[in-house]
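Since the structure comes first, as structure tokens, the remarks are kept for the end.
The values are calculated or read from the model by the stated rules, or taken from the named source; none is laboratory data. Not measured: the values here are computed from a predicted model. Note that we place each Cβ from the backbone using ideal geometry, even for glycine, and neighbour counts take in every protein chain shown.
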Amino acid sequence: MEYSGKEVRQLLEQLLETIRTNTTHFLGYPVSKDFDYSDLAPFLQYPLNNLGDPYVDSTYAVGTRDLEKEVVHFFAEMFRAPADDYWGYVTNGGSEGNLYGLYLARELYPKAMVYYSEATHYSVHKNLHLLNMPSIVIRADEKGEIDYQDLQNTIQMNRHMPVIILANIGTTMTEARDDVQRIKGILRDLAVKQHYIHADGALSGSYSAFIEPRPAFDFADGVDSIAVSGHKFIGSPMPCGVVIARKSYRDRIARSIAYIGSVDTTITGSRNGHSPLFLWYAIQTLGKAGLKARAMHCLETAAYAEQQLRGLGIAAWRNPHAITVIFPEPASEIRKKWQLASENGMCHLICMPNVTTDQIDALCKEIAIAQSVV
């Protein structure tokens, strides 16, 4: 269907108003929306494409490779990656980062078995199917953390195979964190020499480094790669993420591509050159101190939300140092208005940096009214 110029403007105005309204009532998904990237508007005039490896120059020069490398360096330091053996790139999101980590693991141990908990994000099963990797699902406890005893027993039954483990650093529904040090200890106790641990830190990975005591989730704790989302805790107008891995593992899959004058080390060919720009700008304007303050604000808001819901007699709870509050799902119209994700009779609200106590109060008021009617 073709529209006139006037109709196009009207449709865009209507869409913008709908987005504004829906953004006001947005509590159920881990996406930050308190950013201001207006300084970067001039860059939208250009086709920024970081195709190929960010560390290898390309014949395509309209991109942001230098800034991408700075973004990778920032996260590599935050995740305590070995200074002489790290590599990474800005992805289209956490799912691509997980795909990349599993791909590296498969190339390193092609005959391995993959283990992940039942609370793992749905995309991981899809990634394993795409990569044709055998896997076993491990039980999770009532709060979403992997069952370490079940993991140990299951690995023991398959000790003849190399082990690949996908550890959750913040599960989708309850933001539970799997303890990488405990997982590493299990592998050590079972004398499993050939193993690879990838951490899915989509939401929690971006701020776990600022928590005290620090959770066991990064390279110093035993991971070989980690993926985080950029549009969640930090915030971006488009979905994006970062994957950090050991460079020595990346070198095993690198192939030179004459057409682009670079090497093929990433999942996609053409890569968004605007995402690294947005992430770099956020890192520069916030800094580590700003990101830590951002995390503390989220945790305080989550504590407030949990307290307010409990004050209504609602069995709300959250995992330690988590910004996700879980509670029995309210009426469907409330879930729809506030865009609350639900599963098995429970739903959650996620206290992202933009979530305010006024929003929490408004949600609680609506729940209280619905309860009084019932």
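Within the stretch 208-224, residues that are among the acidic types (Asp, Glu) reach partners that are surrounded by fewer than 18 Cβ atoms within 10 Å (Cβ to Cβ) and part of a helix (DSSP H, G or I) with beta carbons closer than 6 Å, at six or more positions or on different chains, in the pairs Asp221/Gln181.
Here Leu48 passes the criteria (1) under 30 Å from Asn153 (Cβ atoms); (2) touching a residue at least 40 places away in the same chain (Cβ under 8 Å) except the one numbered (1).
Return the total of residues in the stretch 300-323 being farther than 18 Å from Ile369 by Cβ and surrounded by fewer than 18 Cβ atoms within 10 Å (Cβ to Cβ). Step through it out loud before you land on a result.
Taking the stretch 300-323 first, the residues farther than 18 Å from Ile369 by Cβ are 300-304, 306-307, 315, 317-323.
Going one step further and asking which of them are surrounded by fewer than 18 Cβ atoms within 10 Å (Cβ to Cβ), we end up with 300, 303-304, 307, 315, 317, 320.
Final tally of qualifying residues: 7.
Considering the conditions (1) among the aliphatic types (A, V, I, L, M); (2) in contact with a strand residue (DSSP E or B) (Cβ under 8 Å, 6 or more places away or on another chain); (3) more than 30 Å from Thr18 (Cα to Cα), Ala302 is excluded by exactly one of them, (3).
Those helices (runs of 4 or more DSSP H) of the stretch 78-195 in which at least 1 residues are touching a Gly at 6+ places or on another chain (Cβ under 8 Å) and among the β-branched types (Val, Ile, Thr), considering only elements entirely within it, cover 180-189.
Does Leu99 satisfy being aliphatic (A, V, I, L, M), surrounded by fewer than 20 Cβ atoms within 10 Å (Cβ to Cβ) and in contact (Cβ under 8 Å) with a residue 40 or more places away in the chain? It is false that Leu99 is aliphatic (A, V, I, L, M), surrounded by fewer than 20 Cβ atoms within 10 Å (Cβ to Cβ) and in contact (Cβ under 8 Å) with a residue 40 or more places away in the chain. Of all the residues in the stretch 196-239, those that are assigned to a strand (DSSP E or B) and either among the hydroxyl-bearing types (Ser, Thr, Tyr) or under 23 Å from Leu277 (Cβ atoms) (or both) number 6.
Conditions (1) in contact (Cβ under 8 Å) with a residue 40 or more places away in the chain; (2) touching a Phe, Trp or Tyr at 6+ places or on another chain (Cβ under 6 Å); (3) in the same structural domain as Phe327 (by TED's automatic domain parsing), marked per residue:
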residue	(1), (2), (3)
His129	no, no, no
Asn132	no, no, no
Ile138	no, yes, no
Asn158	yes, no, no
Ala167	yes, no, no
Ala176	yes, no, no
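Residue-by-condition table, conditions (1) hydrophobic (A, V, I, L, M, F, W, C); (2) in contact with a Cys (Cβ under 8 Å, 6 or more places away or on another chain); (3) modelled with pLDDT under 95:
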site	(1), (2), (3)
Ile19	yes, no, yes
Asn22	no, no, yes
Pro30	no, no, yes
Ala41	yes, no, no
Leu44	yes, no, no
Asn49	no, no, no
Asp57	no, no, yes
Thr64	no, no, no
Glu68	no, no, no
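Looking across Ile326, Ile367, Ile360, one residue alone is at pLDDT 95 or above, closer than 26 Å to Glu118 by Cα and either assigned by TED's automatic domain parsing to the domain that holds Ser208 or surrounded by 17 or more Cβ atoms within 10 Å (Cβ to Cβ) (or both). It is Ile326.
Taking the condition out of contact with any Leu (no Cβ under 9 Å at 6 or more places or on another chain) and of a type outside the set (S, T, N, Q), does Pro239 pass? Judged against the criteria, Pro239 is a match. With respect to the conditions (1) surrounded by 20 or more Cβ atoms within 10 Å (Cβ to Cβ); (2) out of contact with any Asp or Glu (no Cβ under 7 Å at 6 or more places or on another chain); (3) not acidic (Asp, Glu), Asn50 lacks only one, and its number is (2). Scanning the stretch 165-209 for residues that are hydroxyl-bearing (Ser, Thr, Tyr) and more than 11 Å from the chain's Cα centre (by Cα) returns Thr174, Tyr196, Ser208.
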